[in-house]
């Protein structure tokens, strides 16, 4: 069979890695795919820039549309990122009847419904394994490997920067800002770290995971996101004493009332495998009714791990080039006409357990007040630590773990606790999931 | 589209689970597959036996060949297990042009080359996700998700019984035989536990994993297998003190000289994720040159986890029913004509680190003798513990960790150490892998 011709848009970290992997493993990949896969064209903004890859044999251009409109190109690999002009590029490639492989999570989280609809109309594939959890084939696992299951929930460490920061805080007793500065120096975190530390990047990925797990349209605007900036060294240590680790998780859960879509710091029992996923690594736990919990772990970012998923998608597309579009794996795991618009719950309706840390005066009756408020809101206490006041201080930290309750109840209880004369400052609240 | 008709051979734990999962999730599975999948026929040895599944609407027979020869059946699901008559059934199904889904690891490890050759001739698929690691879609991950990679090695906890025993020994300080008896009572271990505790079952699975990772024919007869029966409570404790866990691993590694295929107890650094996989759970780490290490974790056995993989395979087959056989995912990940008969190394040529435990008289010069022998064989020592003798005893345990060496050198050194007058009994040797 004649070689498949691929055009790559963007020759940065992932684009360069894709060129490197496809060249280095060309023979092995062809032994798998049954035919040669060659990058014949690539675009980059600045052709004079130094590259991490050898571009010999690849016709370069600064205009992505030259490649998109080239009838000789079978597959477009979009690795520019972002949502502006890139959306037009992807839509144009689809309109031209080309299959697309992309690592662009924000594009799919925000515009995926439109993109997949156009792709289905034209009978082309849009593959996106690299958009979630880098080198981990978790999209394939959920969409195909677990296709027999009713998926109940999934929970993932899907932002390496956040996990690096939390791991350093725990391992070395460091403060958030201190570790963030190091992560920026190491290149793990952007100069503007908002996307990572506020959970927006994880929210994009969670949007995609939830759609393929539950068979619903992409709805990023309904994801609740809370960052890790309020996590203190003290929280990390108290969690540890209670047998928990704090991880920044993306959680999607199907309940009888609707879907919970939430990104936030979470206490997890320290014996759970995902609690032991450290540094920049990613992992996703998926709970299916038949398979039970399965976990997928690996590098969530980086040049070659992401390229690994991009190239695997290219191989999948190559295999399906001659297939009947109706028999392909659907973009969002479920047939396009079988997606169901399940309601997404507001944060008030989340049901979860909580870790609470508050500072109270060291006086009789304080604990009675706090526990009475919780009882009034039907919130059961699972564990409680009250520390001795430090010498000369009159304020003591109280740490509580609660059983599962509705978030609205917890918010009301916290407001009353914060209003107590004997309690100083805010209650620091972190959600707790057993993931059992 | 009209429903796909499936015939199931065997209605035991996995067969019954498959019926249950396909019935319970019928609507959700059809929303994914794009058409209905129905089990219309099933065979069982004894039709009067109580079943874990509802067989209403399924035509039952005691003769599997009735189903295999039924022109109305599209896909045969073989869940009888074993290698005798079952091999004939699978070959007959293939000869009849039917696609086959099987969970039968021993059949594939021993006769897979023949079976896949016949299947390729007839243009049918033989799918086997359930044959390795139960509900974990690790075959799919390696064969498709990591198709861009040159795979360097893989290591897996692929026998739940063995892992349950080692976990109990560590957690509760129990002895091997004591835990084995409990595992048998719980139904985790067979009355004859040889397959599990001697590593034969893991060897079957490793054979399959190695073939799809490296693109080589199945060669179970060349797998080195060593069981866990010689592991003592003391070894588990010493390993713990040194920062390691003992796991029964299947390891396949590509070296410039050939492939290592080995199943044996292994010390792993306790911070590695796979060292924290406990109880009956399974996990496989795969090291690709691009993706880096990825790990896949979940239930390795059981009715519904295994059924999850069986049914996922059925969905895959349904999707490929109309596909060109040349463009399908090849059975062993690489095109049949691109498999390479890479040499498999003998145990003498393994290169690994070691944990050694020996008992020596509490006399000057003993350590000097032992370390001299290791030095003579160019074996470097990484760590050493010498314990105080117990009151009234003259023999002390010495525990050594070595750096990586060739197994032949280690065997020669151990023979000399055992020959020392001051050393009593055998040297207990356990291999050590950092999996870094």
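Derivation of every value follows stated rules applied to the coordinates shown; laboratory data play no part. Owing to the predicted nature of the structure, the values given are computational and were not obtained by experimental measurement. Cβ sites come from the backbone with ideal geometry, for glycine too, and all protein chains shown count toward neighbours.
Take every DSSP beta bridge whose two residues both sit in chain A, then give the antiparallel share in percent to the nearest 5. Could you put the intermediate results ahead of the total?
Working: 51 of 75 bridges.
Just about 70 percent of them are antiparallel.
Label-to-label distances for residue A:241 across copies, nearest first, come out at 3.1 nm, using points 7 Å from Cα in the beta-carbon direction.
What's the angle, to the nearest 10 degrees (0 to 90), between helix A:13-24's Cα axis and the longest principal axis of chain A? Helix A:13-24 sits at roughly 50 degrees to that axis. A convex hull fitted to the Cα coordinates of the protein assembly as shown yields 190 cubic angstrom per residue. Taking Cα atoms only, the orientation of helix A:105-122 departs from the longest principal axis of chain A by about 40 degrees. Projected onto planes of every orientation and averaged, the convex hull of the alpha-carbon atoms in region B:69-219 covers 10.7 nm². Report Rg/Rh for region B:138-299, rounded to two decimals, where Rg is the Cα radius of gyration and Rh the Kirkwood radius. So for region B:138-299, dividing Rg by the Kirkwood Rh gives 0.97.
Between residue A:348 and residue A:412, the contour length at 0.36 nm per residue exceeds the Cα-Cα span by 22.0 nm.
Among B:106, B:346, B:359, which comes first, then next, by fewest other beta-carbon atoms within 10 Å?
The most exposed by this proxy come first: B:346, B:359, B:106.
Peptide A:266-278 is shielded by partner chain Cβ atoms: per residue, an average of 2 of them sit within 10 Å of its Cβ.
Averaged over peptide A:111-118, the number of partner chain Cβ atoms lying within 10 Å of each residue's Cβ comes to 0.
Sorted from longest to shortest, the spans of the Cα atoms of region A:218-257 along the three principal axes equal 37, 24, 13 Å. Neighbour counts of other Cβ atoms within 10 Å put B:1, A:216 in the fewest-to-most order B:1, A:216. A viscosity of 0.692 mPa s and a temperature of 37 °C, combined with the Kirkwood radius over C-alpha pairs in the Stokes-Einstein formula, give region B:13-82 a diffusion coefficient of 252 µm²/s.
Annotation for region B:1-65 versus region A:66-131: alpha-carbon center distance of 40 Å. Inter-chain neighbour count for B:161-172: the average number of beta-carbon atoms from partner chains within 10 Å of each residue's beta-carbon is 0.
Once the Cα atoms of helix A:160-172 and of chain A are each reduced to a long axis, what angle between those two axes, in degrees from 0 to 90 to the nearest 10, is obtained? With both axes taken from Cα atoms, the answer is about 40 degrees.
Set the Förster radius R0 to 45 Å, insert the Cβ-Cβ distance between residue A:26 and residue B:96 as r into 1/(1 + (r/R0)^6), and round the FRET efficiency to 0.05. That pair, residue A:26 with residue B:96, gives E of 0.70.
Here region B:350-432 has an Rg and Dmax of 12.2, 40 Å, counting Cα atoms alone. In chain B, the calculated helix contribution to ellipticity at 222 nm averages -10500 deg cm²/dmol per residue, counting -39,500 (n - 2.57) for every DSSP H run with n ≥ 4. Model label sites at residue B:368 and residue A:337, defined 7 Å from Cα along the beta-carbon direction, differ in position by 8.7 nm.
Quick check: from the Cα gyration tensor, does region B:1-122 come out rounded (a/c under 1.5), prolate or oblate? It is oblate, given that a/c is not under 1.5 and a/b is not larger than b/c.
On the basis of the beta-carbon distance and an R0 of 51 Å, residue B:46 and residue B:234 show a calculated FRET efficiency of 0.65. Taking the label point 7 Å along Cα→Cβ, residue A:389 and its counterparts in the other copies are spaced 5.9 nm apart, in ascending order.
Applying a 10 Å radius around every beta-carbon, put A:316-325, A:7-16, A:278-287 in order of their mean neighbour count, most first.
Values: A:316-325: 19.1, A:7-16: 24.8, A:278-287: 23.2.
Going from most to least packed, we get A:7-16, A:278-287, A:316-325.
Across the copies of the chain, residue B:408 has label points (7 Å from Cα along Cα→Cβ) spaced 7.5 nm apart, shortest distance listed first. Beta bridges from DSSP with both residues in the protein assembly as shown: antiparallel share about 70 percent, rounded to the nearest 5.
Projected onto planes of every orientation and averaged, the convex hull of the alpha-carbon atoms in chain A covers 22.2 nm². Along its first, second and third principal axes, ordered by size, region A:281-436 spans 76, 35, 26 Å in Cα coordinates.
Taking R0 as 22 Å, what's the FRET efficiency between residue A:178 and residue B:403 from their Cβ-Cβ distance, rounded to 0.05?
Values: r = 36 Å, r/R0 = 1.65.
Here the calculated transfer efficiency is 0.05.
Scoring B:424-430, B:298-304, A:257-263 by mean Cβ neighbours within 10 Å over their residues and listing the highest first yields B:298-304, A:257-263, B:424-430.
Taken along the Cα-to-beta-carbon direction at a fixed 7 Å, the label points for residue B:383 and residue B:426 span 2.4 nm. Sorting B:414-421, A:149-156 by their mean Cβ neighbour count within 10 Å, with the most densely packed peptide first, gives A:149-156, B:414-421.
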